[in-house]
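Before any comments, here is the structure.
Derivation of every value follows stated rules applied to the coordinates shown; laboratory data play no part. For clarity, every value in this text was computed on a predicted model and none was experimentally measured. Positions of Cβ are backbone-derived with ideal geometry, glycine not excepted, and every protein chain shown enters the neighbour counts.
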Amino acid sequence: MNERDEERAAEEFVARHFPETARFLAEERLRELPTFGPFEIQGGVDEPEPAVAVLRVAFALTRTQLVTALSMSFAGLGADRTPESLTDDEVRREVEGYMAAEAIIELDHQMEANERNGFTPEQQRATDVLAAAVDRAFAPPEPLPVQEPRRGEGMVTLQTVDRGEVTVPEPAWCVGHEGDPVSHFTDITHTGRTVALRFDGNRLMAARLSWAPFAQQQPEPHPLVRVDDLPLGLDPQETRELAARAGLYAGELYRLANEADRLRGYRR
């Protein structure tokens, strides 16, 4: 027995005697595959009734299945297109579009058959129950509750999902909480005013004081400086280092401006 046959025999043994393990291993292998799309939302246009949900479905396809789907979709493209002219994005979109279109077409055929044949009373009762299940499962999510803080004498009262209403000390520099989503007690964060670098109406960088005094996974015994796009807050020394680097970057910008002036003068 060669190595491949031994692997196949081991896989069959696991599948027979440990089906849950086999299913887990199969799902893990699928997660390792390269994943593409969804690139577009299929359907929902020119339908007899309005769309109420977007359903995203992932297909794990073999190479042969991919080639077959692309071949079927390519047959419907314009006569001026050649296989060589397809870009990678077009290939992915055509395959995805074909798979989605086939599913929608099959659904349309089944709906037409239902309308022609009708339902028995028992079938109609079952359909009504299934329709109610769809309404529950695909209902829009409930909006998350937001904070409506009450302040007084250095304290603030907030709502939490795990402890209900709590009253905690609030530093004088905190300007946050209003409109924040209600979260866990350990996620309560005091936020200071935003200091932003703006140019031509665009915000390039923004920073603010931040303090989560009850955090457990990443304790914050003291306030930090939060900067957009940085995953962690900065302590005072790290903030000064960032300011120094920003100063060096400003110097680089001046040098680029001078270089652009020189090049413009040269080209004239």
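Rounded to the nearest 500 deg cm²/dmol, what is the calculated helix-only ellipticity per residue at 222 nm for the chain, with -39500 (n - 2.57) per DSSP H run of length n ≥ 4? Let's see the in-between values first.
Values: 6 runs with 119 residues, N = 268.
Calculated at 222 nm, the ellipticity per residue is -15500 deg cm²/dmol.
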Can you work out the base-10 log of I(q)/I(0) for region 155-197 at q = 0.18, 0.22, 0.26, 0.34 1/Å, using the Debye formula on its C-alpha atoms alone? -0.53, -0.74, -0.96, -1.37
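Could you calculate the FRET efficiency of Met155 with Leu248 from 1/(1 + (r/R0)^6), where r is the beta carbon distance between them and R0 is 51 Å, rounded to 0.05?
Values: r = 43 Å, r/R0 = 0.84.
Calculated transfer efficiency: 0.75.
May I ask for the Kirkwood hydrodynamic radius of region 33-137, worked out over all distinct Cα pairs and given in angstroms to one decimal?
Numbers: mean 1/r = 0.0603 Å⁻¹.
Kirkwood hydrodynamic radius for region 33-137: 16.6 Å.
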C-alpha center-to-center spacing [region 36-64, region 165-214] in angstrom: 39
For Leu234, what residues show an amide H to amide H distance below 5 Å, using hydrogens built from the backbone and excluding near sequence neighbours? Val225, Arg226, Val227
Percent of C-alpha pairs per 5 Å bin, the chain, short to long: 1, 4, 6, 8, 7, 7, 8, 10, 11, 11, 10, 8, 5, 3, 1, 1, 0, 0
By how many degrees, 0 to 90 and rounded to 10, does the Cα axis of helix 121-137 deviate from the longest principal axis of the chain? 20
